[in-house]
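The values are calculated or read from the model by the stated rules, or taken from the named source; none is laboratory data. Just so it is clear, the structure is predicted and the values come from calculations on it, not from any experiment. Positions of Cβ are generated from backbone atoms using ideal geometry, with glycine treated the same way; all protein chains shown enter the neighbour counts. With ligands, DNA and RNA removed, areas are computed over all heavy atoms of the protein, side chains included. Shrake-Rupley method; radii C 1.70, N 1.55, O 1.52, S 1.80 Å.
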Amino acid sequence: MMKNIITPLLLLLLSLQSCLKEPDPIPQTINSYQFYYNYLLESFNVQWEIDDEIIGNDHPYGYPAEAIAILDQSEQDVLIGVSNSDNGNLLDTISCKMMENFSYMVAILGTEEEPHLLCEPLDTRRPTSGMVKVRFLHAAAAMGPVDIYVGGDLPENKALSGTSYTTVSEYLEFTEENLWNTIIVTPTDSLPADSTILSYTANTIFRSGWVYLCTIGHSENSIESSFQMVADDQPVY
């Protein structure tokens, strides 16, 4: 069974207790941290559940969300579910092993007819000094497999090859300058000069010492919308 923390209420109760009497020791909890991403190509928002308990509702497309859940054990298998916020219809579930004080990313991709639910542990360690750590999520089935270039458009700048839809890449480290200079997404086995899906140059969104999830997907919750890449920072500690 999972318990959910409602932080504002918890703080209010502790404040009232301190006024009335000497507070009792706060019991230690077994915390797990989740970062949720909604890339479902549907008009409705989604609802998240862990072991049938609702932890978040009305999550819109393209915006990350965070949650803290309390485990019963330091290592526990939990069932994550995602539903249509409008009518409560279950879209997909996935079993995920969670551990005390670990962080996880949970993402819903695809459509109502073909949903894909992912749960991946996060590497919260800082990158090498002076570097930026990134991983890529391929969230657009219409793209097909892609290659990703960082720092230039030459063959030696290819960072990832044949990254397929629903894939979460390994963590990679780059300098700020290389990420600021160029990030290019091409169809697999195509050079940037021959075919480019996305190209980012002269950007300054990445900072050394930080970790990012770069999601390649649609700009809106419609398959007809244009492609884009979004970089969301992830925790480091």
Exercise. Tell me, please, whether a residue that is at pLDDT 95 or above and more than 30 Å from residue 75 (Cα to Cα) can be found in the stretch 17-37.
Key: no
Practice problem: Would you mention how many residues in the stretch 210-227 are open to solvent by less than 60 Å² (accessible area, probe 1.4 Å) and either basic (Lys, Arg) or in a strand (DSSP E or B) (or both)? | Solution: 8
Self-check item: Contacts under 6 angstrom Cβ, first residue in the stretch 96-109 being under 26 Å from residue 216 (Cβ atoms), partner crowded, with 21+ Cβ neighbours inside 10 Å and among the small types (Gly, Ala, Ser), 6 or more apart
Solution: 109/139
Quiz item: Only one residue in 139, 193 is over 20 Å from the mean Cα position of the chain (by Cα) and not acidic (Asp, Glu), so which one is that?
Solution: 193
Practice problem: Please determine, by comparing only the residues of the stretch 68-116 that are assigned to a loop (DSSP other than H, G, I, E, B) and within 24 Å of residue 166 (Cβ to Cβ), which one is most open to solvent (accessible area, probe 1.4 Å). | Solution: 113
Quiz prompt | Index of the failed condition, residue 126 passing every other in (1) more than 30 Å from residue 101 (Cβ to Cβ); (2) in contact with a Gly (Cβ under 8 Å, 6 or more places away or on another chain); (3) of a type in the set (Lys, Arg) | solution = (1)
Quiz prompt | Selection count where residues are in a strand (DSSP E or B) and of a type in the set (Asp, Glu), scope the stretch 35-50 | solution = 1
Practice problem: Kindly indicate whether any position in the stretch 99-106 is under 26 Å from residue 226 (Cα atoms), modelled with pLDDT of 95 or more and not basic (Lys, Arg). | Solution: yes
Quiz prompt | Verdict on residue 81 being on the phi > 0 side of the Ramachandran plot and at pLDDT 95 or above | solution = no
Practice problem: Would you mention how many residues in the stretch 59-114 are closer than 14 Å to residue 45 by Cβ, under 20 Å from the mean Cα position of the chain (by Cα) and among the polar types (S, T, N, Q)? | Solution: 3
